[in-house]
1. log₁₀ I(q)/I(0) of the protein assembly as shown at q = 0.06, 0.08 Å⁻¹, via Debye over equal Cα point scatterers, no solvent, to two decimals?
2. Given R₀ = 51 Å, FRET efficiency for residue A:316-residue A:138 by Cβ-Cβ distance, to 0.05?
3. What is the Cα centroid distance between region B:94-131 and region A:181-211, reported in whole angstrom?
4. Just the Kirkwood number for region A:170-316, please: inverse of mean 1/r across all distinct Cα pairs, in Å, one decimal.
5. Lys/Arg Cβ at +1, Asp/Glu Cβ at -1, dipole of region B:326-412 taken about the Cα centre: which of B:371, B:327, B:402 is farthest positive-ward?
6. Please compare each pair in B:154/B:345; B:123/B:302; B:204/B:407 to a cut-off of 20 Å on the Cα-Cα distance and tell me which ones are over it.
7. Can you give the accessible area buried between chains A and B, summed over both chains, with a 1.4 Å probe, in Å² to the nearest 100?
8. Work out how much length residue A:260 to residue A:155 would gain on full extension: take 0.36 nm times their residue separation and subtract the Cα-Cα distance, in nm to one decimal.
Amino acid sequence: MSVTPLFSARRPRAPAAPVAGKPAANDSSAKPPVRPGSRLGALADAWLPRLVLSPTIIASLVFVYGFIALTAYLSLTESRMMPNFEFAGFGQYERLFDLERWWVAAANLGIFGGLFILFCLAIGLSMAILLDQRIRHEGALRAIYLYPMALSFIVTGAAWKWILNPGLGLEKMMHDWGFTNFTFDWLVDPDMAIYTVVIAGVWQSSGFVMALFLAGLRGVDDSIIKAAMVDGASLPTIYRRIVIPSLRPVFFSVLLVLSHIAIKSFDLVMALTAGGPGTSSDVPAIFMYQFSFTRGQLGLGAASAMMMLATVLAVLVPLMYLETKGARHGR
Amino acid sequence: MKLKALVSLLALAGAAAQAAPQVEVLHYWTSGGEARSAAELKKIMESKGVAWKDFAVAGGAGENAATALKARVMAGSPPTAAQIKGPSIQEWGQEGVLANIDQAAVEGKWDASVPAVVTNVMKYKGHYVAVPVNVHRVNWLWVNPAVLAKAGAKAPTSFAEFFDAADKIKKAGLVALAHGGQPWQDATLFESVVLGTGGAEFYKKALVQLDQASLTSPTMIKSFETLARMKTYIDKDAAGRDWNLATAMVINGKAGMQFMGDWAKGEFTAAGKVPGKDFLCVAAPGTDKAFTFNIDSLAMFKVKDPEQQKAQLTLANAVLSPAFQETFNLNKGSIPVRTGVPRDKFDSCAQKSMDDMAATSKTGALVPSLAHGMAVNTAKAGAIQDVIARFMNSNMTPQAAAQALAKAAKTM
């Protein structure tokens, strides 16, 4: 007996595969063979997937898109401690752009996002390429590099906070070893604190990037590489001209994932510097949280959230466009 | 028909169950001494036949509690009372959700036993909506006398003496000023400096009324200059340090002094130190005749059931009863908010605090703390805090800081 797959989105195939024990139905009729209970099966086949998926669809419609719409609306109101619906036009955005702290946060996002993505890509790709050389114990090494990803950003932040604290971690250790001229006090230096966030973020995420690239590298067709080798191309040339260009889709995925991690980063900064010293390592997510929930400025917080959404879209839309365009042209 | 009877019976039963007097209190007294204090209130309420439903939300300055409260109020089922303080009471009053508890105030003669500066904060449009629980004094300077003796300095009473002592401590190779570089701690230091530089009248004009002329005045610029000088006595690792770690530096003799509210006393006593001997509490330089207060309070929310309303009034008066005021504040390290509480069990710091509060409430030098959300609403306080934090962490000039302060006071 052939069993209709439960979760197949396909409708019942027209002339069904011959049912065991029965001759195939008459080919001249377009009607599928009638089996006892198969009408119900067909109905289930058609509706079950929709039924099963509909709760998640409704949930995301309401809790993602609905709340995006609500936030967009709140950002246009006078909301303070509690949401209210007094329309205020773009007043909250004007106030937002007038706040120096917002620009500090935005600039920090630029520094953090840019460096974080750049270093993760560079380190992740080089580690992947090195690991791809069929070295021994590759599995163990891969696990070691990937392991930081298993930690939450809060843990990473707290750990690096101790490591980078001049009176406690790296600097103190070097002093204890006798290198008394060694200084590394970025964590407590208002001009450099944001870079410590980059360090911790890169440490956490580059293993993950490496894993993605490694998977991509394994997908590259061996015969092309062999052909290039036969043609006498050196290994660096092969990577530069053949392997890395063929990793394009992986680059897109990595960029997508990393850029949204960067834009919504909150816990890492909160654990590592709490936006300090002062407000020098503030990022938009912390700004949004503080103004909406602790300072009773829901409207302003909503406006900043919309600016973050706009940033995500500004990164996402061109990437998606390039990606689909690439696919259409067969790449 | 049977079904209808059953339903109405159930409804009756439900109403009866609800009518039992009960108070639900949202608070963030979750650390050791605080939790003991809250349990005390529960005991008093239960002795009066009112059930206590605890709604404790952990988290430092009550940010999580505020979020939980907003959710409850928006859902239309606020708790009976919630720990809200300062101008936030006014903000909640504007939302129209607070209950009028004038009756309890009349019964308990609050106006006669609590300073007017305090009761004003508890009122919305002239009616009591909240009850004060305790008073923390913020303008304290905690001093390790052993460190001073080693450096050959004495406990300062003015800025000149402070800087003199600080120089000597620095020369002795120790940290003069223990500080944690978190925005609220910067603001705590700042407000003590402003109070010491300009006095209570100036403090009120500048930091409570946010008078533009005062905010940019030479006195304010001088305050920032003093603050800039203080920065030089703070060790560079202070960024992001928690206040209790800074207090620990004073306790261990690694640092000489710390500006902090009287909750720091809890750290000293927990370490087995005796006030007056192992550590000194002196008013922040130049603020001996003034008192910045940080008052916890319970705001009462509108409840429909008359039984619950009665329970609410009982709660309000229980909080201000001398017995509760004594035990609660002994546990928490603060001082009673009302007069007529026996004082012999309190330590010397708390007694000095009580004397100073009584004295300053007459002279008008009892002022609300800016850093602890008592002076201006949260949005303005936040904006001001941002300016102070920026000043503490950059090379901003005092003049520019005063201008930024004035702008921050205006924009929110």
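1. These q points yield log10 I(q)/I(0) values of -0.50, -0.81.
2. On the way: r = 34 Å, r/R0 = 0.66.
It comes out at approximately 0.90.
3. If we compute the Cα centre of each part, the gap is 51 Å.
4. Working: mean 1/r = 0.0530 Å⁻¹.
So the Kirkwood estimate lands at 18.9 Å.
5. It is B:402.
6. On the way: B:154/B:345 29 Å; B:123/B:302 15 Å; B:204/B:407 18 Å.
Listed pairs above 20 Å: B:154/B:345.
7. Numbers: alone 19920 and 17620 Å², together 35260 Å².
Answer for the A-B pair: about 2300 Å² buried.
8. Details: separation 105, 0.36 × 105 = 37.80 nm, distance 1.97 nm.
Computed gain between residue A:260 and residue A:155 is 35.8 nm.
The values are calculated or read from the model by the stated rules, or taken from the named source; none is laboratory data. All of these numbers come straight from a predicted model, not from anything done at the bench. Heads up, the Cβs are rebuilt from the backbone with ideal geometry, glycines too, and the neighbour counts pull from every protein chain shown. Remember, those area values only see protein heavy atoms, side chains included, never the ligands or the DNA or RNA. Shrake-Rupley method; radii C 1.70, N 1.55, O 1.52, S 1.80 Å.
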